[in-house]
Amino acid sequence: MINKFKLIDFKILIPYIILNITGIIMIFSASSYNLDQKGMSSISIASKQLFFFVVSIIMITIIYRTNLKIYQTSFFNKMIIGASATILIATSVLGLGETIGGAQRWIDIGPIRIQPSEFIMVTIIIYSSYIFSIRQNRIGTHFKETVLAPSIIVGVLILLVFIQPNVGGAAILTMIFLVILLSSGIPYLYMVVGGIITGFFAFIMTQLVMFKDGWLIPGKFAHVYDRFSVVKDPFSDQLGNGFQLVNSYYAIYNGGWLGLGLGQSIQKKGFLPVAETDFIFSVTIEELGLLRSFLILGLLLFLILRIFAIGIQASSSFNSLIAIGTGSAILIQVFVNLGGILGFIPMTGVPFPFMSYGGSNLLTLSILIGLVLNISADEKRRKIYTLALTMS
């Protein structure tokens, strides 16, 4: 029997740890000044992120030791779909979630605040991978089960996330599902049908955003509309809706190639509110410079490509889709966050993976990393057994 810990993929684990440690340092730098001004401990926010990082390592260890067959059972998938739907209905429809920044999607658990909708990413990736992998051999006679039902179930979950409102999160979940759908190996006609169903939900979400006064829920999306409208020219309202984006530009300009030095950011001093969250990479560029920031992006790209490589080489369709879904989730978040701080797309509250302050997003990505590490070990073990049988 092979010791599983000898099969750990350090090409995933080491970049993951480096990115998180870098993130904790930058969160401390970005948040300490404002905390000092408020008379609070300068390490309070960074220490919370460190706590979530420790919890994430524990979760990765637990997930790594579990049998992958658990995630491929009907009971497990029905359970996570039911739990996800219940939580979303409670926070999005029944209004039990706490409202922050115009969005009702947080739940306080003692001193810790979590965002349940983040974990829907895990639900959609596992459920989609499971459903498409077990039904590849039954496509011809089970069209409703193969594409129609999963697309509607996922579409409803995404819509519930959207109406919190969480536009960025809903958009990312939609793209992840489409990537898994296109990678599933089902016939193109079925892919088109699944895409149309998902597109229908996307159309509803678009209509809700495009009308400031609301289409079904008056006033619910007014602040989201404002974020979209300011992208074209943030300087036209630089003291209002364009305030954060304009100061993100200033931070990037201040940093130049080499940066002002760790802890020396100007824009974090009241110009970029809660800079440790969505705009953490703007502060990173300002303090570390473009050259060092490119190294961080390079390390993140290496991690993503390694995850994709595991998905491409996997012998199991379930393993393959989980890895592809995870790599897509991280890649899409990077593009959406960078697009937001650069003003290419509206800033919709999407964090920068592993570096932005936020325990829910870190725990979500860490669960997925744990699954990919488990899959990598499973694939290595299969190759070792196959090689041993061949030699015998």
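The values are calculated or read from the model by the stated rules, or taken from the named source; none is laboratory data. From a predicted model like this one, the values you see are computed outputs, not experimental measurements. Note that we place each Cβ from the backbone using ideal geometry, even for glycine, and neighbour counts take in every protein chain shown. To get the accessible areas, we keep the full protein, side chains included, count just its heavy atoms, and leave off ligands, DNA and RNA. Shrake-Rupley method; radii C 1.70, N 1.55, O 1.52, S 1.80 Å.
Here are a few things to note about the model shown:
- Gain on full stretching of the segment that runs from Leu258 to Arg382 - 0.36 nm per residue minus C-alpha separation: 40.0 nm
- Among the chymotrypsin sites (Phe, Trp or Tyr not before Pro) in region 251-345, those placed in a DSSP loop whose Cβ has at most 14 other Cβ atoms within 10 Å are Trp257, Phe344.
- For region 234-367, the residue among Ile252, Asn319, Ser265 whose Cα projects farthest onto the positive side of the dipole built from Cβ charges is Asn319.
- Given R0 = 41 Å, the distance between the Cβ atoms of Gln37 and Ala83 translates into a calculated FRET efficiency of 0.50.
- The alpha carbons of region 281-392 stretch over 59, 26, 24 Å along the principal axes, in descending order.
- With a threshold of 29 Å on the Cα-Cα distance, the over-threshold entries among Lys6/Lys78; Lys48/Lys78; Lys48/Lys268; Lys48/Lys269; Lys6/Lys69 are Lys6/Lys78; Lys48/Lys78.
- Whole-percent carbon and sulfur share, accessible surface of region 270-337, 1.4 Å: 77 percent
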